[in-house]
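Only one structure is covered here, and it is reproduced in the block below.
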Amino acid sequence: MNTGTFERDFLAALWADAPEQQALAAQPGFAIYRNTVRKGCIDALEANFPAVVRLVGRDWFRAAAARHASAAPPDDARLLHYGRAFPAFLAGFAPAAGLPWLPAVAMLDRLWTESHAAADAPVLSPAALARIAPEDLQALHLPPHPAARWHWFDGAPIHSIWSANRSGDAQALAALPDLPWRGEGTLLLRPAQAVTWQPLDAAGCAFLDACRRGATLGDAAVDVLGRHPDADVAALLALLLQAGAFTTPNPHATP
Amino acid sequence: MKTIDAPISVGLGLKPEHFDAALSARAPGLWFEVHPENYMVDGGPRLAWLEAMRARHPLSLHGVSLSLAGEEEPDAGHLRRLAALVRRFEPALMSEHLAWSRAGGRYLPDLLPAPRSDALLRRVADRLDAVQNALGRQVAIENPSHYLRLPHAWDEAGFLRELARRSGCALLLDINNVHVSARNLGFDAGDYLDRFPAQAVAEIHLAGHTPDPVHGEALLVDSHDAPVAEAVWALYRRFVERAGPRPTLIERDDRLPPFGELMAERDRAASIAAQAAAVPA
């Protein structure tokens, strides 16, 4: 038997809506493969998007995940990374149309996973920066820590919605109906191996964007002030340093 | 990295829920097995966790996604990541499956069957040769559980014997899979074990199974969500009485009991293996 033909027939029966029409699937045992593959995909999405699960409920989530899995099975055996395309899927998923913030919440779940799995690197301490002469600071480039992730959401309090649903904190969940409806940003970090998060304003997100592009502190400050003229860049830098958002500029230096 | 290397006897599948208990557990020959796919990350807590475990216990890397029996060649990036884990954690055992799980750039989270032909034997042997070279060590290949009658040219025990001879691979004998497959396909599990090439077996798996919700006892599912069944214990005794003890794993992935219950199953396997070792062959 030609293995290529066998695999093609097997895959067709695995995802078919009416599998019993396929010769292989006529055997009762074929359903075990169908169920195991689907369950593996859906379980992975459920594990990777806990805030979305809490928002929509487990049954709704697993039904949506089943649709996504049959349309786009994992492209990587590392199931931790399954769901990179799930936020975009939710954005186009008709039953989710009444939950316009859902794709953004899914995106923050995804950023949590990225932070969790990112490379280890030393954190740049505020004290280390204090040892640099003020005239040299402008030309310094501070790389964001490999585990740092941030995103600004215009017009919706995504940080609060995601944070309450990710943590399951009863008080935060109870406060959600009274949220002021305005933009919020999130900064995720991984001090001491556990992912943590805090709100970050639009200027802070823009500052980190500039640093990620390789801008010097001087250029990053100019960039941020161009977009947010009221920003206090010195306070912003102090806040980000205190949070541990940067790694050491030179991995071989010991600050 | 600090590591401990000691002779291994009976080990447990390592679940994050049992991390603290597993870290502090002490028993002669205790070891732990993980799926390397869950540790293929750049950094962070998963690798730190596994390093802590490796400092206390021997480890086994049990791969589920190399897709050795697939039409496509194994993914080169995946193999590189696997080799990096092998170098970093120096596992006591390294294993994979006679199955496929990748097609058209998509990964299917299951161990799918392929008809055992001469062409498949050549292909898997060649791939194993490349994999063992890339990893710098021998890999043990596991018999998966079966649910379908397929047009096989080879019986499984004979296929695995020839695969080991050609590629120099070891074998991982999953006795629960033998029991499940024997029930589902209607062959004799004891007879299968008696024909299995014992000298190539580097590891044994024991696990629980459940009857299919629709077809009941006529269709068993390799679910890893129950204690090892009495029939599987009897087959284990039969095999180790013939072949002698081998590193043995209690696999449990779902409906996790308290850690102590898994350690009790481990003790039972160790006692069967010790009795077999005491009997002159």
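Side notes on the structure shown:
- Hits in segment A:69-97 - residues which are surrounded by 14 or more Cβ atoms within 10 Å (Cβ to Cβ), of a type outside the set (A, V, I, L, M, F, W, C) and within 18 Å of residue A:54 (Cα to Cα): A:83, A:87
- Single unsatisfied condition, residue B:69 versus (1) in contact with a Phe, Trp or Tyr (Cβ under 7 Å, 6 or more places away or on another chain); (2) over 30 Å from residue A:5 (Cβ atoms): (2)
- Qualifying residue in segment A:105-128 (condition: in a loop (DSSP other than H, G, I, E, B), over 23 Å from residue A:239 (Cβ atoms) and more than 14 Å from every other protein chain (Cβ to nearest Cβ)): no
- The lone exception for residue B:85 - which of (1) assigned to a helix (DSSP H, G or I); (2) closer than 30 Å to residue B:185 by Cα; (3) touching a residue at least 40 places away in the same chain (Cβ under 8 Å) it fails: (2)
- When restricted to residues that are among the aromatic types (Phe, Trp, Tyr), over 29 Å from residue B:75 (Cα atoms) and either facing chain B (nearest Cβ under 10 Å) or over 19 Å from the mean Cα position of the chain (by Cα) (or both), segment A:41-92 contains 1.
- Residue-level analysis places residue B:107 outside the set of residues that are within 10 Å of chain A (Cβ to nearest Cβ), aromatic (Phe, Trp, Tyr), under 26 Å from residue A:13 (Cα atoms) and in a loop (DSSP other than H, G, I, E, B).
- In the set (1) surrounded by fewer than 17 Cβ atoms within 10 Å (Cβ to Cβ); (2) closer than 18 Å to residue B:251 by Cβ, residue B:223 fails one condition alone, (1).
- Within segment A:156-167, residues that are over 13 Å from residue A:112 (Cα atoms) reach partners that are among the charged types (D, E, K, R) and buried (at least 22 other Cβ atoms within 10 Å of the Cβ) with beta carbons closer than 8 Å, at six or more positions or on different chains, in the pairs A:156/A:184; A:157/A:184; A:158/A:184; A:160/A:184.
- Search result, residues across segment A:172-190 that are more than 20 Å from the chain's Cα centre (by Cα) and assigned to a loop (DSSP other than H, G, I, E, B): A:179, A:180, A:181, A:182
- Looking only at residues in segment B:137-158 that are under 26 Å from residue B:86 (Cβ atoms) and not in a loop (DSSP other than H, G, I, E, B), the one that is farthest from the other protein chains (Cβ to nearest Cβ) is B:140.
- Filter result for residue A:11 (touching a strand residue (DSSP E or B) at 6+ places or on another chain (Cβ under 8 Å), more than 14 Å from chain B (Cβ to nearest Cβ) and either outside any loop (DSSP other than H, G, I, E, B) or farther than 30 Å from residue A:177 by Cβ (or both)): no
- Summed over segment B:16-39, residues that are of a type outside the set (A, V, I, L, M, F, W, C) and more than 18 Å from the chain's Cα centre (by Cα) total 7.
- From the list A:231, A:238, the one residue that fits, being more than 18 Å from residue A:108 (Cα to Cα), exposed (fewer than 14 other Cβ atoms within 10 Å of the Cβ) and among the aliphatic types (A, V, I, L, M), is A:238.
- Residue within segment A:27-39 that is assigned to a helix (DSSP H, G or I) and more than 11 Å from chain B (Cβ to nearest Cβ) present: no
- Residue in segment B:24-36 that is in a helix (DSSP H, G or I), of a type in the set (Lys, Arg) and surrounded by fewer than 17 Cβ atoms within 10 Å (Cβ to Cβ) present: no
- Hey, residue B:43 among the small types (Gly, Ala, Ser), touching an Asp or Glu at 6+ places or on another chain (Cβ under 7 Å) and crowded, with 18+ Cβ neighbours inside 10 Å or not: no
- Candidates A:215, A:147, A:139 - the one that is without any contact (Cβ under 8 Å) to a residue 60 or more places away in the chain and either assigned to a helix (DSSP H, G or I) or not assigned by TED's automatic domain parsing to the domain that holds residue A:52 (or both): A:147
- Looking only at segment B:1-15, and only at residues there that are of a type outside the set (A, V, I, L, M, F, W, C) and crowded, with 22+ Cβ neighbours inside 10 Å, the one that is nearest to the chain's Cα centre (by Cα): B:13
- Residue A:249 vs. criteria within 19 Å of residue A:132 (Cα to Cα), in contact (Cβ under 8 Å) with a residue 12 or more places away in the chain and surrounded by fewer than 18 Cβ atoms within 10 Å (Cβ to Cβ): yes
- Any hit, segment B:58-69, residues being small (Gly, Ala, Ser), facing another protein chain (nearest Cβ under 7 Å), closer than 25 Å to residue A:38 by Cα and touching a residue at least 40 places away in the same chain (Cβ under 8 Å): yes
- Residues located in segment B:193-220, provided they are of a type outside the set (A, V, I, L, M), closer than 29 Å to residue B:7 by Cβ and either within 14 Å of chain A (Cβ to nearest Cβ) or surrounded by fewer than 21 Cβ atoms within 10 Å (Cβ to Cβ) (or both): B:194, B:195, B:197, B:199
Listed here are the residues, each with its yes/no results for (1) crowded, with 22+ Cβ neighbours inside 10 Å; (2) within 8 Å of chain A (Cβ to nearest Cβ); (3) among the hydrophobic types (A, V, I, L, M, F, W, C).
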residue: B:93; (1), (2), (3): yes, no, yes
residue: B:101; (1), (2), (3): yes, yes, no
residue: B:118; (1), (2), (3): no, no, no
residue: B:128; (1), (2), (3): yes, no, yes
residue: B:134; (1), (2), (3): no, no, yes
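The values are calculated or read from the model by the stated rules, or taken from the named source; none is laboratory data. Keep in mind that what you see is a predicted model, and the values were worked out from it rather than measured. With ideal geometry, Cβ positions are generated from the backbone for all residues, glycine too; neighbour counts draw on all protein chains shown.
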